[in-house]
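Okay, structure first, notes after.
The values are calculated or read from the model by the stated rules, or taken from the named source; none is laboratory data. These figures come from a predicted structure and were not determined experimentally. Cβ: placed from backbone, ideal geometry, glycine included. Neighbour counts: every protein chain shown. Surface areas here come from the heavy atoms of the whole protein model, side chains and all, with no ligands, DNA or RNA. Shrake-Rupley method; radii C 1.70, N 1.55, O 1.52, S 1.80 Å.
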Amino acid sequence: MTMRKALVTAAMSAAFLADPAGAQDMLKIAIGQINNWENQAPTLGQDAGIFKKHGLVIDAVGTQGAGETIQAVISGSADLGAGVGVAGAMRAFSKGAPVRILLPAFTGTSDLYWYVKADSPIKALKDATESNTIAYSTSGSSSNNIVVGFVQELGVKAKPTATGGPPGTLTAVMSGQIDIGWAAPPFGVREIKEGKIRILARGSELPSLRGQTVRAIIVNADALKIKKDAIMRFAQAYREAADWMYSDPKAVEMYATKLNQPLELIKESIAEFHPQSAMQTEEIKDLDGAVRDAVALKFLDAPLSKDQLAEFLQIPPREK
């Protein structure tokens with residue numbers, strides 16, 4: 001009987017280890033602007049136990065923006081990257097980098113805004129001159145894409161300048177090193193309410209990007225082959241977490257606590273800047289326009305072909 005029990009126990013242990021629900025696979029994800037609401041599915045979702053349900057442990061690391069995130073994915077130090085501009089991902093792919101899009105992350109540009117100090121003489125983007133500077137995070141980011149669009153489509157004359165994340169950008173603006181800063185809510189909302197800064201422009205003022213998917217979850221192509229099962233489960237869990245963020249008030253409460261910000265301020269910020277429709281994960285909206293604009297804005301030398309796009313876009317269907 002003792003031997004039989006030992007064999008049963010060993011068999012159960014082996015089954016447990018082979019079971020994705022019991023054995024937790026670890027995936028590393030680099031996240032530009034890790035505290036932004038639209039980038040919370042991996043972190044809040046893990047805190048809520050959603051990824052654990054899918055047999056995953058997520059190791060999330062923050063970066064200064066898409067440039068750093070893309071490099072982490074290219075090098076293989078991260079399996080996945082979040083908060084990456086679609087145009088920047090296309091540029092990396094076109095140059096042979098092992099980067100693929102796994103999921104859309106944000107459609108439209110309603111969440112990004114550009115601001116000045118309250119006493120700045122600049123009242124509108126058109127007031128900026130060649131002697132002024134306008135911020136974006138890093139090369140390849142959606143803020144970079146929008147600023148290039150401001151210059152090329154709207155005729156803004158200010159010099160585009162990489163400033164990293166919102167905290168460092170705010171310091172640069174308040175100290176006079178940068179004239180026009182960039183941010184994504186809820187960062188800066190308190191300063192706006194207190195009259196320290198004022199919004200100069202929203203990303204949605206750029207016509208070409210209003211209906212486009214501008215940010216995506218990217219995956220290392222080699223990791224997608226080697227860890228395909230775990231990455232497909234990540235896609236399922238990510239979608240579940242993104243849905244949960246809008247269906248359960250607890251998600252917003254957890255986010256407000258995480259940022260140590262008033263709950264009502266967070267609720268207002270999400271309602272104004274982050275509609276749930278923007279966080280759809282089914283398709284890259286206005287793909288033709290995204291390719292066309294990537295060429296026009298000098299992210300691509302030539303449009304990606306149908307075969308290239310088929311290789312680049314690895315978006316799995318949503319499981320029913």
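Considering amide H positions built from the backbone, and no H for Pro or chain starts, which residues 5 or more places from S139, or on another chain, come under 5 Å of its amide H?
G67
Would you mind working out the accessible area per residue for the chain, using a 1.4 Å probe, and quoting it in Å²?
The answer is 45 Å² per residue.
State which entries of K95/K298; K126/K267; K53/K227 exceed 24 angstrom in Cα-Cα distance in the structure shown.
K126/K267
Quick one: 3J(HN,Hα) in Hz for region 258-267, Karplus 6.51/-1.76/1.60 with θ = phi - 60°, rounded, Gly and Pro as x.
Result, rounded to whole Hz: 4, 8, 6, 10, x, 4, 5, 4, 5, 4.
Around N132, which amide H atoms from residues at least 5 apart in sequence, or from another chain, sit under 5 Å from its own amide H, with H modelled in the peptide plane?
Under 5 Å from the amide H of N132 lie the amide H atoms of K159, each far enough along the sequence or on another chain.
Nothing charged except the Cβ atoms of Lys and Arg (+1) and of Asp and Glu (-1): what's the magnitude of the dipole of region 73-203 about its Cα centre? Round to the nearest 20 debye.
So the dipole magnitude of region 73-203 works out to roughly 80 debye.
Work from the charge dipole of region 211-320 (Cβ charges, +1 for Lys and Arg, -1 for Asp and Glu, about the Cα centre) and give the residue of A251, A237, V214 farthest towards its positive end.
Of the candidates, A237 comes out farthest on the positive side.
Please give the peptides 190-203, 73-86 ranked by average Cβ packing (other Cβ atoms within 10 Å per residue), highest first, as a rough proxy for protection.
Highest mean packing first, the order is 73-86, 190-203.
How large is the charge dipole for the chain, taken about the Cα centre, if only the Cβ atoms of Lys, Arg (+1) and Asp, Glu (-1) carry charge, to the nearest 20 debye?
Its charge dipole is roughly 380 debye.
Around Q280, which amide H atoms from residues at least 5 apart in sequence, or from another chain, sit under 5 Å from its own amide H, with H modelled in the peptide plane?
T107
Taking only C-alpha pairs under 8 Å that are 6+ residues apart, what is the relative contact order of the chain in percent?
Relative contact order for the chain comes out at 25 percent.
In whole angstrom, how long is each semi-axis of the equivalent ellipsoid of the chain, when you take the square root of 5 times every eigenvalue of its Cα gyration tensor and sort them from largest down?
38, 23, 15
Listed here are the pairs K228/K285; K123/K285; K117/K157; which of them are more than 30 Å apart at the Cα?
K123/K285
When you count, for each residue, the other Cβ atoms within 10 Å and take the mean per peptide, how do 139-152, 160-173, 272-285 rank with the highest first?
139-152, 160-173, 272-285
Among the aspartates and glutamates, which fall within straight-line cross-link reach of K306, defined as a Cα-Cα distance under 17 Å, with same-chain neighbours fewer than 8 residues apart omitted?
Within the straight-line limit of under 17 Å, K306 reaches these aspartates and glutamates: E283, D286, D288, D293.
Go through Q64, I178, V84 and say which Cα lies farthest out towards the positive end of the charge dipole of region 63-179; charges sit on Cβ, +1 for Lys and Arg, -1 for Asp and Glu.
It is V84, whose Cα lies furthest towards the positive end.
With the full set of protein chains in place, find how many percent of the accessible area of the chain is carbon and sulfur; take the probe as 1.4 Å.
On the chain, the fraction of accessible area on carbon and sulfur atoms equals 55 percent.
Out of every Cα pair in region 142-183, what percent are spaced more than 18 Å from each other?
Counting pairs separated by more than 18 Å, the tail of P(r) holds 25 percent.
What residue among L200, F273, L287 has its Cα farthest toward the positive end of the dipole of region 151-309, where the charges are +1 on Lys, Arg and -1 on Asp, Glu, each on the Cβ?
L200
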